[in-house]
Amino acid sequence: MILDSARIQAVKLVNEAVSSGAPKFKACRELGISVRTYQRWTVDGNIKTDGRPISQRPEPKNKLSKAERDNILAIVNSDDFKSLPPSQIVPTLADEGIYLASESTYYRVLHEEKQQNARGRSQIKERKVPTTHCATGPNQVWCWDITWLPVFVKLVVAITTLCTLSLDTILFRV
């Protein structure tokens, strides 16, 4: 969405370029807008403001009513379903012949009510960061898996290994 001040400035620049003899489509292209956008902005010689922020939008016809939302929350928070996610609640209710809303609607309602966290007795898993070691002298830290090492250290390990192998083969031949 472009600000009204930027819109006014863009229209002035296009008008100035056109009055100087430039084609309108080239002036618009330089500003990164189409000629059709310029035409929408300048209706009857006036610069039209953006009406999207202040427009009145009708409420969707399929929006859940307060009673339907409360019914979903009551079922989700009941003893039978309080530890289950909506992906298991909806099929279970469908087996019983009950359909209130889609699975995504259940997730949306739970998210809006701030109940879409770890449901039930399960705990949120903590991701453990691999430990790092600091060597202050030789032969203090040994590593056989360089998966978790930073890229620079991997490069140094690879070069050191190649040099060691090269020296071993040279010395071994002699």
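Bear in mind that the values in this text are calculations on the coordinates, not laboratory data. Source: prediction; values computed, not measured. All Cβ positions, glycine included, derive from the backbone under ideal geometry; neighbour counts span all protein chains shown.
Size descriptors for the stretch 1-120, from the alpha-carbon set: Rg then Dmax equal 26.0, 76 Å. Applying both filters, DSSP loop and at most 11 other Cβ atoms within 10 Å, to the trypsin sites (Lys or Arg not before Pro) of the stretch 1-79 gives LYS61, LYS63. Each label point was placed 7 Å from the Cα along the Cα-to-Cβ direction; for ALA74 and LYS125 their separation is 3.6 nm. Multiplying the residue separation of ASN139 and ARG52 by 0.36 nm and subtracting their alpha-carbon distance yields 24.6 nm.
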